[in-house]
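A quick write-up on the structure given underneath.
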Amino acid sequence: MGNGAYSLFWGWAYLSNKRGLFLVYTGDGKGKTTAAVGLAVRATGRGKKVIMIQFIKSPERTYGEKIIFDKLGIEIVQKGVGFTWTKTPEEHRAALQEAWAFAREKLASGEYDVVILDELNNALAIDRFPIADVLPLADVLEAIQNRPSHVHLVVTGRSAKQEIIDMADLVTEMKPIKHYYDEGIPAVLGVEF
């Protein structure tokens, strides 16, 4: 690394410790939640306080990230009720409303160095039933904009809204090139969940 690149890196490191960044992992490919989990582990290793709030995943199922986060002392809260086709629209709407109220409170509290809103993009993209009154995009954008200045925010999920992308400091799109699902291999324990 040349002197200019070295200085630029450390300048960014200084700024990123003073101003919370907004990162978005989106796209149709695998790895969005996995990237957020890796970031949570890294941040925890550096002494940062982390919370992950899952908007779709339900506490009725066990996920690998929940198991390891509990062992590592990383707070994770599953507020969803599962895939949109597994419950009634009313159940999903109630869960989304509760999840957003909880997430907004945690994001605004300033108690956390890193807040991960896992699958928020998926929730905002639901079109099988109305969600705008229980998870208003304008409210989400305002909460992102007005979070405490030190808080790093990570939002994951497919179909990120353009307004979310425009506000982000980093957007990574996971793009599927090849997937074993296409070969008939179902979800794999320890890889997908």
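Worth pointing out:
- Among the residues making up segment 34-91, those that are closer than 18 Å to Leu153 by Cα and polar (S, T, N, Q) are Thr34, Thr44, Gln54, Gln78.
- Complete set of residues in segment 98-136 that are aliphatic (A, V, I, L, M) and assigned to a helix (DSSP H, G or I): Ala99, Ala101, Ala103, Leu107, Ala108, Leu120, Ala123, Leu124
- In this entry, Glu142 passes the filter for residues that are open to solvent by 20 Å² or more (accessible area, probe 1.4 Å), more than 16 Å from the chain's Cα centre (by Cα) and modelled with pLDDT of 95 or more.
- Those residues of segment 22-43 which are open to solvent by less than 20 Å² (accessible area, probe 1.4 Å), part of a helix (DSSP H, G or I) and closer than 20 Å to Val188 by Cβ, in sequence order: Ala36
- Of the residues in segment 186-193, not one is on the phi > 0 side of the Ramachandran plot and in contact with a Pro (Cβ under 6 Å, 6 or more places away or on another chain).
- Test: residue in segment 10-21 that is open to solvent by less than 70 Å² (accessible area, probe 1.4 Å), closer than 28 Å to Ile131 by Cα and either at pLDDT below 95 or under 20 Å from the mean Cα position of the chain (by Cα) (or both): yes
- Qualifying residue in segment 145-154 (condition: part of a helix (DSSP H, G or I), small (Gly, Ala, Ser) and touching a helix residue (DSSP H, G or I) at 6+ places or on another chain (Cβ under 9 Å)): no
- Checking each residue in segment 75-89 for being of a type in the set (D, E, K, R) and within 19 Å of Ala125 (Cα to Cα) picks out Lys79, Lys87.
- Where a residue in segment 158-177 is under 18 Å from Ala123 (Cα atoms) and touching a residue at least 12 places away in the same chain (Cβ under 8 Å) and its partner, wherever it lies, is acidic (Asp, Glu) and in a loop (DSSP other than H, G, I, E, B), with Cβ under 8 Å and at least six apart: Arg158/Asp28; Met174/Asp28
- Taking the listed residues Pro186, Pro176, Pro130, Pro148, the one that is closer than 18 Å to Met52 by Cα, over 16 Å from the mean Cα position of the chain (by Cα) and surrounded by fewer than 18 Cβ atoms within 10 Å (Cβ to Cβ) is Pro148, with no other qualifying.
- Positions within segment 44-77 being in a strand (DSSP E or B) and crowded, with 21+ Cβ neighbours inside 10 Å, in sequence order: Val50, Ile51, Met52, Ile53, Gln54, Ile76
- Residue within segment 95-115 that is over 17 Å from Val154 (Cβ atoms), at pLDDT 95 or above, surrounded by 13 or more Cβ atoms within 10 Å (Cβ to Cβ) and of a type in the set (Asp, Glu) present: yes
- Remark: pairs (first residue in segment 124-152, under 17 Å from Leu23 (Cα atoms) and in contact (Cβ under 8 Å) with a residue 40 or more places away in the chain; second residue of a type in the set (Val, Ile, Thr) and exposed (fewer than 15 other Cβ atoms within 10 Å of the Cβ); Cβ separation under 9 Å; 6+ apart in sequence or on different chains) are absent.
The values are calculated or read from the model by the stated rules, or taken from the named source; none is laboratory data. These numbers come from a predicted model, not from an experiment. Glycine also receives a Cβ, built like all others from the backbone with ideal geometry; neighbour counts cover every protein chain displayed. The area values use the complete protein model at the heavy-atom level, side chains included, leaving out ligands, DNA and RNA. Shrake-Rupley method; radii C 1.70, N 1.55, O 1.52, S 1.80 Å.
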